[in-house]
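Everything on this sheet refers to the single structure shown next.
The values are calculated or read from the model by the stated rules, or taken from the named source; none is laboratory data. This one's a predicted model, so the numbers in the text were calculated from it and none came from an experiment. Counting neighbours? That spans all protein chains shown, and the Cβs are built from the backbone with ideal geometry, glycine included.
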Amino acid sequence: MAITQTATTSFKVEVLQGVHNFGPTSPDTFRVALYTSAATIGAGTTVYATSGEVVGAGYAAGGRVLTISTFPSSGTNASGIGTAYVSFSNVSWPNSTLTARGALIYNASKGNRAVAVLDFGADKTTSTDTFSIIFPTPDANNAIVRIS
């Protein structure tokens with residue numbers, strides 16, 4: 001089993017097809033679900049699935065709704081390449097007891113289509129504590145969703 005951090009290939013195609021709306025006017029509903037090391041998610045993931053999803057106190061299947069913190073913006077990355085990006089507010093599961101290795105961001109408004117996979121690099125565990133995902137700085141170099 002493996003979790004590979006990436007924007008999913010299906011998401012890249014769907015952006016060109018105009019499927020996902022990250023804009024400030026009636027944006028789609030995006031969610032983030034947590035996964036154990038038993039999950040296999042990566043570039044080929046096309047939709048949210050429960051296989052390998054975390055089970056634990058304080059966590060419900062499907063994860064949490066994400067709030068868009070930075071609507072589509074653009075800038076120049078460190079390599080001098082124009083980059084479009086979007087980001088989300090940090091999200092947490094208070095009073096949780098769980099172990100997660102990664103996460104899947106998906107579009108609940110569009111048939112639960114996969115957007116991006118997050119790999120935490122190792123199992124992260126809480127025991128009656130708050131599990132948080134802290135998103136990186138929303139800019140052309142670091143935003144969680146970037147197109148260069």
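Here are the numbers for the structure shown:
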item: Among (1) closer than 17 Å to residue 87 by Cα; (2) under 16 Å from the mean Cα position of the chain (by Cα), the one test that residue 111 misses; result: (1)
item: Sole residue being farther than 15 Å from residue 116 by Cα and of a type outside the set (Gly, Ala, Ser), chosen from 47, 32, 86, 91; result: 91
item: Subset of the stretch 44-61 (residues that are without any contact (Cβ under 8 Å) to a residue 40 or more places away in the chain and surrounded by fewer than 16 Cβ atoms within 10 Å (Cβ to Cβ)); result: 44, 50, 51, 60, 61
item: Meets criteria (free of Cβ contacts under 8 Å to residues at least 60 places away in the same chain, assigned to a strand (DSSP E or B) and either in contact with a Lys or Arg (Cβ under 8 Å, 6 or more places away or on another chain) or more than 27 Å from residue 12 (Cα to Cα) (or both)) for residue 122; result: yes
item: One residue from 109, 87 being surrounded by fewer than 18 Cβ atoms within 10 Å (Cβ to Cβ), more than 22 Å from residue 2 (Cβ to Cβ) and either among the small types (Gly, Ala, Ser) or without any contact (Cβ under 8 Å) to a residue 40 or more places away in the chain (or both); result: 109
item: Any hit, the stretch 18-31, residues being surrounded by 17 or more Cβ atoms within 10 Å (Cβ to Cβ), farther than 18 Å from residue 111 by Cα and modelled with pLDDT of 95 or more; result: no
